[in-house]
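Since the structure comes first, as structure tokens, the remarks are kept for the end.
The values are calculated or read from the model by the stated rules, or taken from the named source; none is laboratory data. In this text the structure is predicted, and so the values were computed from the model without any measurement. Heads up, the Cβs are rebuilt from the backbone with ideal geometry, glycines too, and the neighbour counts pull from every protein chain shown. Please note that ligands, DNA and RNA were not included when accessible areas were found on the heavy atoms of the full protein model with its side chains. Shrake-Rupley method; radii C 1.70, N 1.55, O 1.52, S 1.80 Å.
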Amino acid sequence: MPASTEELFLSTRQEPLKLKLALEGFFATESAEWKERYGAYLKKRLRPALAALTRANDIEKLETLVNLGWLDSAALDAAIRIASDEKTTEVLIYLLTVKDERFGFHDRTYEL
């Protein structure tokens with residue numbers, strides 16, 4: 001019998017698998033306890049979580065993570081670079097909009 005997502009999440013030491021399980025579990029679980037557990041893990045690994053969702057082109061889940069208030073400018077910039085490299089245009093536009101709204105573009109001037 002296959003182990004549940006929760007059992008696998010608790011037992012694995014493989015970080016890529018643990019991240020995948022945490023993302024799946026966070027967005028699928030109905031349990032407040034498990035949502036909190038997965039959330040605590042994801043909050044500590046926000047950049048890899050954003051990177052995984054960016055590569056998956058999953059704007060809906062990205063938006064959920066962004067709206068939790070965990071995001072800092074550095075993590076957002078890393079996700080923007082990944083979206084640009086992966087050519088996920090919709091995700092890139094979304095992330096640039098978030099950057100503009102929350103942090104602005106202070107390091108550049110766009111005067112003509």
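List the GluC sites (Glu not before Pro) within the stretch 1-95 that DSSP assigns to loop and that have no more than 15 neighbouring Cβ atoms inside 10 Å. Display every interim value, and only then the final one.
On the way: sites: GLU6, GLU7, GLU24, GLU30, GLU33, GLU36, GLU60, GLU63, GLU86, GLU90; in loops: GLU30.
Within the stretch 1-95, the qualifying GluC sites (Glu not before Pro) (loop, at most 15 other Cβ atoms within 10 Å) are GLU30.
What is the gain in length, in nm to one decimal, between GLU30 and ALA78 on full extension, counting 0.36 nm per residue of separation less the C-alpha to C-alpha distance?
Stretched out fully, the GLU30 to ALA78 stretch lengthens by 14.3 nm.
Round to the nearest 0.05 the FRET efficiency obtained for ARG13 and ALA40 when R0 = 25 Å and r is the Cβ-Cβ distance. Write out the running numbers ahead of the final one.
Values: r = 17 Å, r/R0 = 0.70.
Efficiency, rounded to the nearest 0.05: 0.90.
Residue by residue through the stretch 68-82, which ³J(HN,Hα) values in whole Hz follow from phi under the Karplus form 6.51 cos²θ - 1.76 cosθ + 1.60 (θ = phi - 60°), with glycine and proline marked x?
Those phi angles translate into 7, x, 8, 6, 10, 4, 5, 5, 5, 4, 5, 5, 5, 4, 5 Hz.
What does the convex hull of the alpha-carbon atoms of the chain project to on average, in nm²? Please report the intermediate quantities before stating the final value.
Working: hull surface 33.0 nm².
With the hull built on Cα positions only, its mean projection is 8.3 nm².
Taking only protein heavy atoms and a 1.4 Å probe, what accessible area per residue, in Å², does the stretch 1-56 have with all protein chains in place?
Working: 3640 Å² over 56 residues.
Each residue of the stretch 1-56 exposes 65 Å² on average to a 1.4 Å probe.
What percent do you get for the relative contact order of the chain when only Cα pairs under 8 Å and 6+ apart count? If you can, show how the numbers build up before the last one.
Working: 80 pairs, mean separation 20.2, N = 112.
This gives 18 percent for the chain.
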